Amino acid sequence: MTETRVFHNFINGEFVPSSSGQTFERRNPADQRDLVGVFQDSGAADVDAAVAAAKAAYTTWRKVPAPQRGEILLKAAELLVARKEQYSHDLTREMGKPLFEAGGDIVEAIGMAQFAGSEGRRMHGVTTPSELPNKFQMSMRQPIGVIGMITPWNFPMAIASWKMLPALVCGNTVVIKPGEDASISTYNLVACLVEAGLPPGVVNIVTGYGPSAGQPLVEHPDVPVLSFTGSNEVGRLVYELGARQIKRVSLEMGGKNPLIVMDDADLDLVEQGVVWAAFGTTGQRCTATSRLIVQRGIAAEMSERIVARAKALRVGNGLQATSEMGPLVNGAQLERVLGYIELGKSEGATLRCGGARLSGGDYDHGFFVQPTVFTGVTPTMRIAREEIFGPVLSIIEVDDFDEALAVANDVAYGLSASIYTRDINTAYRAMHELEAGIVYINAPTIGAEIHLPFGGVKGTGNGHREAGPTMLDVFSEWKSVYVDYSGALQRAQIDN
Ligand code: NAD
């Protein structure tokens, strides 16, 4: 279980080394002595080869009937089910989240393979009556070509599946550059697709760093669509570079997700939800709860409860069954989170628990930080406005729902938001007025399911949604078709 595997790029159905011969290592973030894998440090020439393979494969893949394409995805789902345990282990080892959470990542990919696979038999278009006699009209989805995908490390199997599987069922081909901290899960997903019958060249994997391997994919003239998930900083660059070639660019970026607690809420439920959403995946979820906005009358009790739960969390190597929270993904992320904790203190927030790197024993070999809670946070503090992407919760007190809503909405992001209340009127107002792509009532900010649209408003995205009934939109073009069987020239808007 601790073997080190060497991964080559996967191009046109073959495993090939990078053209430069350069590689990079990935070590387990919970234990830096554990070398998880060696990957190709790819560059523009490797991306060129992968795009050429995807472009060639597109000419035949686009003509495979969609139900047959879907069958491959459905078979891949079965393989994922059979390999869930092994793939969860790989995922935990490469990015750190505990095994039970890693299993969730695989289950999302299974769900998406089933959902997108069955879409092969739907992919509905629209027929409408014509305004002229003896004329038929319809619209249908068509594939676009080679899709460039750039993914982060935090949900390495789930996010790859949200992008790849809808793109494939539409008839596109793919070049994916996975996050450099967690590339194995992409190989695992693609292995299932290939064993299920995916032809060579339809999916290609090029590993490496963003500027050297990601950017050539973004700028490649034969890649008309880019699907990106990651930070706002990189997303902006991808958008700008894509715009120069008028590419279709779908961006899923950061969050600063609020969870509002009204004084009529079930506090036991809140306590469980907050701990799961703030500290699950070590706070490294784009939908993690990072702001707890609490009505003043219950704030002291709520804070006490959350602090007690945070202190009791078992932090450790995700491969151990007892671990409830794993490490941060890498040293840079550890520095960033510790930097934000220092910032919170200097801004005048009260550090109630955590606040430091965990050390001693096995902790010294990984990037572990204590679950951290700040109270006395005001909405203008940077820790209340900027994405930290770590296990740091800021508790903000408010007088009433209107103030809670104003605070919740007063950030640049808009991915997920939640409210706990037993008042149905408040719940419905929140549903309508929270500026977020995803809203939860009496549930925390995490827990999206693959058959509803996923994505955010404001700085989180650029208007697209992954998953759900919207999942095909980025990866297909609409074509409208008019069939005139009157045998005469009928001029629309003129002859009727
Ligand atoms: P990141 O932006 O650093 O990296 C994302 C990907 O972009 C990686 O594959 C990276 O190699 C690549 N990249 C970096 N520079 C590039 C460049 N110049 N050109 C092309 N590609 C480049 O993000 P990350 O640290 O991997 O992930 C964390 C971020 O992702 C957080 O901000 C989080 O909120 C966000 N995220 C968002 C969602 C969502 O659906 N909204 C989901 C998960 C993560």
Discussion item. Taking the condition of being under 20 Å from the mean Cα position of the chain (by Cα) and among the polar types (S, T, N, Q), how many residues in segment 55-99 meet it?
Written reply: 2
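Answer with yes or no whether I205 is more than 9 Å from the ligand (Cβ to nearest atom) and surrounded by fewer than 18 Cβ atoms within 10 Å (Cβ to Cβ).
no
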Worksheet item: Here are some residues: L193, L168, L226. Which one is within 11 Å of the ligand (Cβ to nearest atom), touching a residue at least 40 places away in the same chain (Cβ under 8 Å) and within 22 Å of E466 (Cα to Cα)?
Response: L226
Discussion item. Checking the structure you have, find out if any residue of segment 24-31 is free of Cβ contacts under 8 Å to residues at least 40 places away in the same chain and closer than 16 Å to T207 by Cα.
Written reply: yes
Fill in: Qualifying positions in segment 229-260 - surrounded by fewer than 18 Cβ atoms within 10 Å (Cβ to Cβ), assigned to a loop (DSSP other than H, G, I, E, B) and within 10 Å of the ligand (Cβ to nearest atom)
S231
Worksheet item: Of the conditions (1) under 18 Å from N330 (Cβ atoms); (2) buried (at least 24 other Cβ atoms within 10 Å of the Cβ), G210 fails just one. Which one is it?
Response: (2)
Fill in: Residue tally, condition farther than 18 Å from P98 by Cα, part of a loop (DSSP other than H, G, I, E, B) and among the acidic types (D, E), over segment 323-374
1
Worksheet item: Where residues in segment 275-302 are polar (S, T, N, Q) and part of a strand (DSSP E or B), which of them is farthest from the ligand (Cβ to nearest atom)?
Response: Q295
Worksheet item: For segment 67-100, what are the residues that are without any contact (Cβ under 8 Å) to a residue 60 or more places away in the chain, closer than 25 Å to F368 by Cβ and hydrophobic (A, V, I, L, M, F, W, C)?
Response: F100
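Scan segment 103-110 and tell me whether some residue there is more than 30 Å from V369 (Cα to Cα) and modelled with pLDDT of 95 or more.
Taking every residue of segment 103-110 in turn, at least one turns out to be more than 30 Å from V369 (Cα to Cα) and modelled with pLDDT of 95 or more.
Quickly run through segment 136-164 and pick out the residues that are in a strand (DSSP E or B) and either out of contact with any helix residue (DSSP H, G or I) (no Cβ under 9 Å at 6 or more places or on another chain) or free of Cβ contacts under 8 Å to residues at least 60 places away in the same chain (or both).
Across segment 136-164, the qualifying residues are F136, Q137, M138, S139, M140.
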Response to the item:
Among (1) surrounded by 19 or more Cβ atoms within 10 Å (Cβ to Cβ); (2) without any contact (Cβ under 8 Å) to a residue 12 or more places away in the chain; (3) small (G, A, S), A300 falls short only on (1)
Discussion item. Cβ contacts < 8 Å: first residue within 17 Å of F7 (Cα to Cα) and touching a residue at least 24 places away in the same chain (Cβ under 8 Å), restricted to segment 197-215; second residue near the ligand (Cβ under 8 Å from one of its atoms) and in a helix (DSSP H, G or I), any location; separation 6+ or different chain. Result?
Written reply: V206/A213; V206/L217; T207/A213; G208/G214
Worksheet item: Hey, does segment 331-345 have a residue that's touching a helix residue (DSSP H, G or I) at 6+ places or on another chain (Cβ under 8 Å) and surrounded by fewer than 18 Cβ atoms within 10 Å (Cβ to Cβ)?
Response: yes
Worksheet item: How many residues are within 29 Å of V64 (Cβ to Cβ) and small (G, A, S) if we restrict to segment 215-248?
Response: 2
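The values are calculated or read from the model by the stated rules, or taken from the named source; none is laboratory data. All values reported here derive from a predicted model rather than from experimental measurement. Neighbour counts are summed over all protein chains in view; Cβ atoms, including those assigned to glycine, are modelled from backbone coordinates with ideal geometry.
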